[in-house]
Each structure stands twice: as C-alpha cells, then as structure tokens.
Amino acid sequence: MIEPGATLAARPDVIPIDDATLGLIDLAIEEDRGAGDWTTRWTVPARTRARARIVAKQRGVIAGVGIAAAVYQRLDHRVKCRILCPDGSNVAPGDVVCTVTGPARAILTGERVALNFAQRLSGVATLTRRYVEAVAGTGCLILDTRKTTPGWRSLEKAAVRAGGGTNHRAGLFDMVLVKDNHKAVAGSLASALARVRDQNSRMLPVCVEVHSLDELDAALEAAVDRILLDNLSTAELTVAVQRARDRGSRAKLEASGNMTLDRVSEVAAAGVDYISVGALTHSAPALDLSLQFAGG
C-alpha cells in the first residue's frame, strides 16, 4: 500500500491510477514475470522481508512514482511505499524518490516494471521542463502532441503536465484539426471547413494547419479558433503574428515543426501563443533511477 499521508495529491499534474493504468501495470507484470520469477523464488526465502529505496541517479523531474508504487500493490498488498518526491518534484543525483518495504520477493519481482514506468515518465517530465524553462517569461505555452506511446497517452500527457507543459488535444475526439490530408481529400480548405461547420453539433474548437503565409491569409478569413503554423521560419512566424494582429483575429497561433530546445526561445519571442513539440513524448530519454536495497 501507499502509506497514508504520503499519497499523491489530486492535482492535474499527477498521473492517474485508474482502471486503464492498472490494466497496463498488469500487462507489464505479466510480460516480465511470465510463468514465474525463478531467480527470486530460488534465491530468496518466502518469508524474507526487506527495505529498499528508489534513488535518482541524475538531475530531472519526477513523474510516475505513484505508478511504481501501484506496481508493488498489484504484486503484493503487503508492500508499503512511501513517496518522498511526488510528480513534478525536481531531483538531483542521490535523492530518494520513494521507499519500499515488505516481502523481499515482491520487491525484487516488481523492480524492473516499477522502474520502467517511473523512468520513462520522469524522462518526459524532465524534457518538458527544459522546454518550459526555455520560453519562461514570454507567455507562450509548451504543448505536447498525439505522438505518444500506444496505450500510454494519458500517462505521458500527465507527465508533460508534471513537467509544467500543457496538453494539446487528448485524441481525435476533442478538437477539429484540419490538416493537409483532410484538405486534399475534401478538395480544399474552404470545402473542409464548410463541412465542419455544417456538422459540428458538438461545438468543438476548430484548428487549421497552414504551411505558408498565403495559407495563413485563408485561415484568417475562415475565422477558426486556432491556426497551426507548421514548419515556418522564425521570420515567417513573426510576420504571421503581426498579420493576425493587424486583422484583429481572435485565433490562437500555434507553431510546430523542428521545435528544438535551441530554437524555442526565439519562436516564443515571435509572439505565438503555443509551441507544440512532438519530441516531449516520442523522443524523451528515460531519467536514470535505481532501486537500492538497504545496506546496498
């Protein structure tokens, strides 16, 4: 169990432990344990108890430690986890993120699965924090994308929030985003938007992807909610922002494409409202964490 008083608060940056997450945990345990953890079973007596801790080995931002604790809960309810660094916490090498006590067999069997969740999600939070810090003071928000690990989207998007980022749409169902392929199949941007307006009974926000200043003009005339400026140069983004202001557009402007850490500060300074970064979830390196037993 997670000890009372040490559970994660009900904050939007905390990764949910819902039925879907528990299903992922069970799948991961089954994948790793299979027919049995024979090494542990054959080397550790059944009644052996142990104390261990999850320790940071590099600087970063924690996310997913509650899932690591839930892994142990699924394996053996007698395992107790005390979370010392909740989601969103900054850590340095040597910081104890969580302590784990209980049956030694369960702690050993759950080690890799627990760390896989926490390391992956902490990596997402850590990279997100670097992007957020790069645009600090500009008013621009860092967004994630749908470029997530299949089945992990809610977890990775929560990790983005833990790092201080903002979530883009959760899926295809909560925003209309007219991209190039939609325009191609529909025949034109005007045709695609006309069909959206005729059928948008859900009153979903509408975003249009553009790749040039000429396409921007068409999107501004269409009076959509958001315009996604994809792969424009910083100079073009500056012109786009000014053009939207001159026309009194209410559309929010989002920049995307080649948004590296070296570039985001200048893009934010151009005046866009959002910068979306697929790398937050598809390319974040795992944060190095380890499980250490007492005395080890």
Out of all the residues in the range 228-238, is one or more on the phi > 0 side of the Ramachandran plot, within 20 Å of the chain's Cα centre (by Cα) and open to solvent by 50 Å² or more (accessible area, probe 1.4 Å)? no
Residue list for the range 188-207, restricted to those being open to solvent by 60 Å² or more (accessible area, probe 1.4 Å) and free of Cβ contacts under 8 Å to residues at least 12 places away in the same chain: Arg195, Arg197, Asp198, Gln199, Ser201, Arg202, Met203
Determine whether Ser249 is in contact with a strand residue (DSSP E or B) (Cβ under 9 Å, 6 or more places away or on another chain), crowded, with 20+ Cβ neighbours inside 10 Å and of a type in the set (S, T, N, Q). no
Given the conditions (1) open to solvent by less than 50 Å² (accessible area, probe 1.4 Å); (2) closer than 23 Å to Ala134 by Cα; (3) assigned to a loop (DSSP other than H, G, I, E, B); (4) of a type outside the set (Val, Ile, Thr), which single one is not true for Leu280? (3)
Looking at Ser154, is it at negative phi, of a type in the set (Gly, Ala, Ser), part of a helix (DSSP H, G or I) and surrounded by fewer than 21 Cβ atoms within 10 Å (Cβ to Cβ)? yes
Restricting the range 120-151 to residues that are in a helix (DSSP H, G or I) and in contact with a strand residue (DSSP E or B) (Cβ under 7 Å, 6 or more places away or on another chain), which is surrounded by the fewest Cβ atoms within 10 Å (Cβ to Cβ)? Val132
Give me the helices (runs of 4 or more DSSP H) completely within the range 1-95, filtered to those with at least 3 residues that are at pLDDT 95 or above, within 23 Å of the chain's Cα centre (by Cα) and within 25 Å of Ala158 (Cβ to Cβ), ordered by residue number. 19-33, 65-75
Selected residue (only one of Ala56, Ala63, Ala114, Ala106 is touching a strand residue (DSSP E or B) at 6+ places or on another chain (Cβ under 7 Å) and of a type in the set (A, V, I, L, M, F, W, C)): Ala56
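The values are calculated or read from the model by the stated rules, or taken from the named source; none is laboratory data. It should be emphasised that the depicted structure is a prediction, and the values quoted were computed from it without experimental measurement. Glycine also receives a Cβ, built like all others from the backbone with ideal geometry; neighbour counts cover every protein chain displayed. SASA here: full protein model, heavy atoms, side chains in, ligands and nucleic acids out. Shrake-Rupley method; radii C 1.70, N 1.55, O 1.52, S 1.80 Å.
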